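Please read the structure below before turning to the comments.
The values are calculated or read from the model by the stated rules, or taken from the named source; none is laboratory data. Because the structure is a prediction, the values reported are computed rather than measured. Cβ sites come from the backbone with ideal geometry, for glycine too, and all protein chains shown count toward neighbours.
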Amino acid sequence: MMNPRKKRKLMFTLICLGTVLFIAMLVTVFLNRQARKKAREAEISQTSSTDGSSESYSSQSYREPTPNEKNYQHARATLERPESVVTEEKKNKVAEALKIAVEDIKKHPDTANISGNMDNRLASTSSPMVLTFAMAINLAGYNIDESKTEVFKSYSDDVLQFLCVMTKEGKENSYFVGNYNDYTGQLQIASYHGGNIRVRGD
């Protein structure tokens, strides 16, 4: 039979061990909870930071297109094959025809009486569009920026399409779009987009 004194000592030791284990368990639970809490806070903070950065980047990366950019896109959208550029030789043919047309228009200050013909390369252009093109040059003071003229293929083998940029200092550009017949060498100006081509000084 165990000595009562030893029995009490053993009981005391067991109680102490149980207390220590209980306290250790409580500390472990507390530390685990704190770790999970910090992890959640860090995750929320990171998510908020990412969302904020995304919103900031999105707001900084978006820019409202300028009137010139909008008008250029509208003009380009009227082309049949805007992704199919032509050779430099063909581009030069169109540029030369536009140059001849502009020079002829400038020789005739009486804009209302200008008409298209084989010599000025505007024989295929409608009278209203010839007048509009002439007004842009003689009345509104626009000039073709030859460096920005673009020429493309069309669905017809003998027809090229062009987009020429008319510029005037301090004013929005005007974009003229049309066809060039590679066989006849004639321009058919079909539409214009943007710019103020009504009267000089606008």
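Data table
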| quantity | calculated |
| --- | --- |
| Residue in the stretch 136-160 that is nearest to ALA77 (Cα to Cα), counting only those that are out of contact with any Lys or Arg (no Cβ under 7 Å at 6 or more places or on another chain), in contact (Cβ under 8 Å) with a residue 24 or more places away in the chain and among the hydrophobic types (A, V, I, L, M, F, W, C) | ILE144 |
| Number of the condition not met by ALA123 [criteria: (1) surrounded by fewer than 18 Cβ atoms within 10 Å (Cβ to Cβ); (2) within 25 Å of ASN196 (Cβ to Cβ); (3) among the small types (Gly, Ala, Ser)] | (2) |
| Options GLY170, GLY185: the member that is on the phi > 0 side of the Ramachandran plot, in the same structural domain as VAL102 (by TED's automatic domain parsing), surrounded by fewer than 21 Cβ atoms within 10 Å (Cβ to Cβ) and out of contact with any helix residue (DSSP H, G or I) (no Cβ under 8 Å at 6 or more places or on another chain) | GLY170 |
| Any hit, the stretch 129-147, residues being in the same structural domain as PRO109 (by TED's automatic domain parsing), buried (at least 19 other Cβ atoms within 10 Å of the Cβ) and assigned to a strand (DSSP E or B) | yes |
| Condition check for LEU122: in the same structural domain as SER147 (by TED's automatic domain parsing), in a helix (DSSP H, G or I), in contact with a strand residue (DSSP E or B) (Cβ under 9 Å, 6 or more places away or on another chain) and not aromatic (Phe, Trp, Tyr) | no |
| Criterion (part of a strand (DSSP E or B) and in contact with a His (Cβ under 8 Å, 6 or more places away or on another chain)) met by exactly one of TYR175, TYR180 | TYR175 |
